[in-house]
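Q: There's a structure below that I have some questions on.
The values are calculated or read from the model by the stated rules, or taken from the named source; none is laboratory data. For clarity, every value in this text was computed on a predicted model and none was experimentally measured. So basically every Cβ, Gly included, is an ideal-geometry build from the backbone, and we count neighbours across all protein chains shown.
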Amino acid sequence: MSPGKRPPKNPSAMRMVGDLVALFRKAAGFTQAALAERLVAAESTIAAIEQGRRPLLPDMAVAMDQVLDTKGALAVAVAGMPEIDQYPLYAEQYMAHEREAITLSWYDVLTVPGILQTEECARTVLRNRVPAYDEDELGAKTAGRIERQEILHRRYPPTLSFVVWEAALKLAYLEPLARADQLRHLRACAELPGLAMQFLPLDAPTHAGLDGAFTLVETPDHQHLAYTESQRGSQWVSDRDEVSNLARKYAMLRSQALTPEQSKGLLNRLLGEQ
């Protein structure tokens, strides 16, 4: 994730806001299931917020205030939460959706997608950041990136599609052993159920992704969102027209890329060259 200006919220403050949500919900006569239904959200999401295990995001706070008739109290509480320096808020929002997504479609240009990186690759990519992280930040962010890979092995994993430009497989920033480990890891991930990995060849005559990397997310309540990254930062995209445009780009990229079987063959050839 690219660095940002607004970090996520303090865990103790998250628990406090969770307590408020539970208090207001009960006062309004809602069960967690009933509130989730009104908000078109998962009951587990409401439970996690009330237990302080996940943040109450601003848009959800506004929706809860409307349903529970709390006069904006939750939105104010979220806006006033103390902060810690770990992830920017937009990245926190993305990771919250990523953990529960039923579909992820990920296009990357210059690096292996974060949730497919080995620990050494993740550490090296993050170490190359300018301005640099200190060692404590580097360790925490590396661990956080690796923890996100738990979604690959969920009991009911999301449907995952990756299109990656072949240039990302050069991995020149890794030592030879680390490069081979990363390629082997990609090859193993390519066999996971519900995961399709495709590479866009360097000599592809057409390329629908020249504007940069992005990820498409489908939430459990079938909301379609997108997340884009650039040198200037990252951005959530929720406007339906803009998400549709990115979805069309992704569909074109899949048609321009090698098939999943051809992509496995490319990885096999690269591993044979190590």
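Q: Hey, can you tell me all the residues within segment 179-219 that are free of Cβ contacts under 8 Å to residues at least 60 places away in the same chain, over 20 Å from V125 (Cβ atoms) and crowded, with 17+ Cβ neighbours inside 10 Å?
A: L195, A208
Q: State whether the residues of segment 147-156 include one that is within 23 Å of E261 (Cβ to Cβ), in the same structural domain as D221 (by TED's automatic domain parsing) and not in a helix (DSSP H, G or I).
A: No; the residues of segment 147-156 include none that is within 23 Å of E261 (Cβ to Cβ), in the same structural domain as D221 (by TED's automatic domain parsing) and not in a helix (DSSP H, G or I).
Q: May I ask you to verify whether E137 is more than 30 Å from I46 (Cβ to Cβ), modelled with pLDDT of 90 or more and surrounded by fewer than 17 Cβ atoms within 10 Å (Cβ to Cβ)?
A: No: the conditions fail for E137.
Q: Out of the helices (runs of 4 or more DSSP H) lying entirely within segment 159-274, which hold 1 or more residues that are over 25 Å from E119 (Cβ atoms), modelled with pLDDT of 95 or more and aliphatic (A, V, I, L, M)?
A: In segment 159-274, the matching helices (runs of 4 or more DSSP H) lie at 240-256.
Q: Filter segment 61-78 for residues that are under 14 Å from R38 (Cβ atoms), surrounded by fewer than 19 Cβ atoms within 10 Å (Cβ to Cβ) and of a type in the set (A, V, I, L, M) and give the result.
A: Scanning segment 61-78 gives V62, A63, V67.
Q: Look at segment 26-43 and say how many of its residues are under 20 Å from E100 (Cβ atoms), surrounded by 14 or more Cβ atoms within 10 Å (Cβ to Cβ) and touching a residue at least 40 places away in the same chain (Cβ under 8 Å).
A: Counting residues in segment 26-43 that are under 20 Å from E100 (Cβ atoms), surrounded by 14 or more Cβ atoms within 10 Å (Cβ to Cβ) and touching a residue at least 40 places away in the same chain (Cβ under 8 Å) gives 2.
Q: Another question about this same structure. Return the residues of segment 219-261 that are more than 15 Å from S161 (Cβ to Cβ) and touching a Pro at 6+ places or on another chain (Cβ under 9 Å); say none if nothing qualifies.
A: G233, S234
Q: Determine, yes or no, whether A226 is in the same structural domain as R129 (by TED's automatic domain parsing), farther than 19 Å from D59 by Cβ and surrounded by 17 or more Cβ atoms within 10 Å (Cβ to Cβ).
A: No: the conditions fail for A226.
Q: In segment 232-261, what count of residues is obtained for those that are surrounded by fewer than 13 Cβ atoms within 10 Å (Cβ to Cβ) and in contact (Cβ under 8 Å) with a residue 24 or more places away in the chain?
A: Residues that pass the stated criteria total 1.
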